[in-house]
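Visitor: Take a look at the following structure, please.
The values are calculated or read from the model by the stated rules, or taken from the named source; none is laboratory data. None of these values were measured; they are calculated from a predicted model. Cβ placement follows ideal geometry from the backbone for every residue including glycine, while neighbour counts extend to all protein chains displayed. Surface accessibility is based on the protein's heavy atoms, side chains included, excluding ligands, DNA and RNA. Shrake-Rupley method; radii C 1.70, N 1.55, O 1.52, S 1.80 Å.
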Amino acid sequence: MNGPCKLSQMDLKGTKQLNAAWKSRVHIFMQSPLQWKKISWQKTNETTLLGKSLETLLSKKSGQKAFREFLKSEFCEENLDFLLACQNFQTLQRPEERKKKAAKIYEEFIRDDSPKQVNLDFNTTKVICQSLQQPGPSCFVVAQKKIFSLMENDSFSRFLQSEHYKVLTGVASKPRGLRKHRAAMRIKSAGDELEVNRLQDGLLLWHEH
């Protein structure tokens, strides 16, 4: 009888020690809010950043998609299309490819009565026209800055008040693990991701000029 009683007492003592150690670890964890702050910051900060600036919004694939849909609703998506076309132009290395692409951009977005004509002043248009014979990588940089500024000061402010932005931030504020799970179930578009990367590179180029 003594053997089993002693074993039970030892087990009970070990259990009490384990419980005490566990309670101590839980207490320390609850006293330190760093982990909870980190999770909360990740959710809140990502949502906030999407509305911080147009540059930040367009650097995200989801942000670019939502902004494009908003521009379509206002019948001015040609501004973003022009921006992306110019980013693609800047990646071209061969002079003949660059010349062909520059002419296409001019015909589609800049020439009078072009199908997607963007709002550029006469001097900017004239300079671009004169450079079409030998267009350099920065051929459209001035025009890009003007169109970006136009969207930033006009369309972007209205976008932040739109349902498109509310839907976007609703998705962005969900737990990161859930977004990754859903993303894994979608077929990714390599073309869309490439356009986002080009846009990021182009925005950096603007700051260098």
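Visitor: Would you mind finding the one in Asn119, Asn88 that is closer than 28 Å to Ser59 by Cβ and surrounded by fewer than 14 Cβ atoms within 10 Å (Cβ to Cβ)?
Guide: Values: Asn88 fails: surrounded by fewer than 14 Cβ atoms within 10 Å (Cβ to Cβ).
One residue alone meets the criteria, Asn119.
Visitor: Any chance the range 172-180 includes a residue that's modelled with pLDDT of 90 or more and open to solvent by 70 Å² or more (accessible area, probe 1.4 Å)?
Guide: Filtering the range 172-180 down to residues modelled with pLDDT of 90 or more leaves none.
Within the range 172-180, none of the residues are modelled with pLDDT of 90 or more and open to solvent by 70 Å² or more (accessible area, probe 1.4 Å).
Visitor: Here's something else I'd like to know. Can you find even one residue in the range 164-173 that is in contact with a Ser or Thr (Cβ under 6 Å, 6 or more places away or on another chain), part of a helix (DSSP H, G or I) and among the aliphatic types (A, V, I, L, M)?
Guide: At the first step, the residues of the range 164-173 found to be in contact with a Ser or Thr (Cβ under 6 Å, 6 or more places away or on another chain) are 169, 172-173.
Filter once more, so that each one left must be part of a helix (DSSP H, G or I): 169, 172.
With the extra rule that they be among the aliphatic types (A, V, I, L, M), the set shrinks to 172.
Looking through the range 164-173, at least one residue is in contact with a Ser or Thr (Cβ under 6 Å, 6 or more places away or on another chain), part of a helix (DSSP H, G or I) and among the aliphatic types (A, V, I, L, M).
Yes/no matrix, rows are residues, columns are (1) free of Cβ contacts under 8 Å to residues at least 40 places away in the same chain; (2) part of a loop (DSSP other than H, G, I, E, B):
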{"position": "Ser62", "(1), (2)": "no, no"}
{"position": "Lys65", "(1), (2)": "no, no"}
{"position": "Leu84", "(1), (2)": "no, no"}
{"position": "Pro115", "(1), (2)": "yes, yes"}
{"position": "Val118", "(1), (2)": "no, yes"}
{"position": "Ile128", "(1), (2)": "yes, no"}
{"position": "Gln133", "(1), (2)": "yes, yes"}
{"position": "Pro137", "(1), (2)": "no, yes"}
{"position": "Ser155", "(1), (2)": "no, no"}
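Visitor: Checking Lys146 against (1) modelled with pLDDT under 55; (2) open to solvent by 70 Å² or more (accessible area, probe 1.4 Å), which single condition isn't satisfied?
Guide: Condition not satisfied by Lys146: (1).
Visitor: Of these, Leu132, Leu150, which one is among the aliphatic types (A, V, I, L, M) and under 24 Å from Ser62 (Cα atoms)? Lay out the reasoning, then the answer.
Guide: Details: Leu132 fails: under 24 Å from Ser62 (Cα atoms).
Answer to the selection: Leu150.
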